[in-house]
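Student: Structure provided below as structure tokens; questions to follow.
Values quoted throughout were computed directly from the atomic coordinates according to the rules given, and no laboratory measurement underlies them. Nothing here was measured: the structure is a model prediction, and the numbers come from that model. Here the Cβ is made from the backbone with ideal geometry for all residues, glycine too, and neighbour counts use every protein chain on show.
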Amino acid sequence: MSNFVWQSILRLVVAVLVGSLIGSERARHGRAAGMRTHILVCLGACMTSLTSVYITRFAGLSGDVMRLPAQVISGIGFLGAGMIILKNNNMITGLTTAAGVWTTATIGIALGYGFYTGALAVSGLFLITIIFFARFERKWKTTEVIYLELDDLRAVNDVLNALRGKISHPFSYQIFAPRSSTQGNLGINLVFDRHIELEVSSLTEIPHVVIAVEECQ
């Protein structure tokens, strides 16, 4: 029993580390599901596997050890559905984050059963996919969307004029509520009809622009 307890602690700790690693990348891009969400999903999924093992090994109950984790795999789809958004420019965003949360759950299940090799391999491939493949994906885009957040509602016209002077390619824009909870901030989407070569982070050099990130799925 004591051996199982230490194994459980190790698996739960690894689940937290993997969840934080994946979640930090999503948080860096301003996604709704950031580090805490991915940690909790991976931790909870890991716990379902550990509970199944405990029930069959120590509680003296028989049954299918995959039944609880199977419910996680199907049920996590409801959480992912809440991350998919159809925006005003008819672009669907959140698909990558939703798929990532589902994959994080499967990693947690694997960790709960002690399948470290598979869990860590998928974690590595996950990060390679969302970091490095994103560079190739940008080149295939027919449209480009950049999210900006301003710290002053009254500075919209000044910021737009500065953007037109900084960006040679024409763009349309949409104004909406900010993603952050900072009072007085304002969100703006810049929409381009094709992929443009631009160092998005440099847009924060414009006065009143506090966040500038390229939109991704």
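Student: Please list, by residue number, every one of the GluC sites (Glu not before Pro) in the stretch 146-217 that is coil in DSSP and has at most 11 other beta-carbon atoms within 10 Å.
Tutor: Numbers: sites: E149, E197, E199, E205, E214, E215; in loops: E197, E199, E215.
Passing both the DSSP loop test and the Cβ count: E197, E199.
Student: Let me ask something else. For R36 and R179 in one chain, what is 0.36 nm times their gap in residues minus the Cα-Cα distance, to one decimal in nm?
Tutor: Details: separation 143, 0.36 × 143 = 51.48 nm, distance 1.65 nm.
The R36-R179 span can extend by a further 49.8 nm.
Student: How high is the relative contact order of the stretch 141-214, in percent, counting Cα pairs under 8 Å that sit 6 or more residues apart?
Tutor: Values: 128 pairs, mean separation 36.9, N = 74.
Computed over the stretch 141-214, the figure is 50 percent.
Student: Something else: Per residue of the stretch 106-123, what does 6.51 cos²θ - 1.76 cosθ + 1.60 with θ = phi - 60° give for ³J(HN,Hα)? Whole Hz please, x for Gly and Pro, Karplus curve as stated.
Tutor: Result, ordered by residue: 5, 5, x, 4, 4, 5, x, 8, x, 8, 5, 4, x, 5, 6, 5, 5, 4 Hz.
Student: What is the spin-label model distance, in nm, from H169 to T117 if the labels are put 7 Å beyond Cα along the C-beta direction?
Tutor: Distance between label points: 4.5 nm.
Student: What FRET efficiency would be calculated for the residue pair S2, L127, taking the C-beta separation as r and a Förster radius of 22 Å, to the nearest 0.05?
Tutor: Details: r = 34 Å, r/R0 = 1.56.
Here the calculated transfer efficiency is 0.05.
Student: Compute, for the stretch 141-214, the length of the dipole vector about the Cα centre, with Cβ point charges of +1 (Lys, Arg) and -1 (Asp, Glu) only. Units Debye, rounded to 20. Working shown, then result.
Tutor: Working: 6 positive and 10 negative charges, 36 e Å.
Dipole magnitude for the stretch 141-214 comes out near 180 debye.
Student: Then there's this: How much length is gained on full extension from V65 to L17, taking 0.36 nm per residue of separation minus their Cα-Cα distance? Don't skip to the end; give the middle numbers.
Tutor: Details: separation 48, 0.36 × 48 = 17.28 nm, distance 2.48 nm.
Between V65 and L17, full extension yields 14.8 nm more.
Student: May I have the convex hull volume per residue, in Å³, for the Cα set of the stretch 141-214? Kindly include the intermediate steps, with their values, before the conclusion.
Tutor: Working: hull volume 6.0 nm³, N = 74.
Convex hull volume per residue, Cα atoms: 80 Å³.
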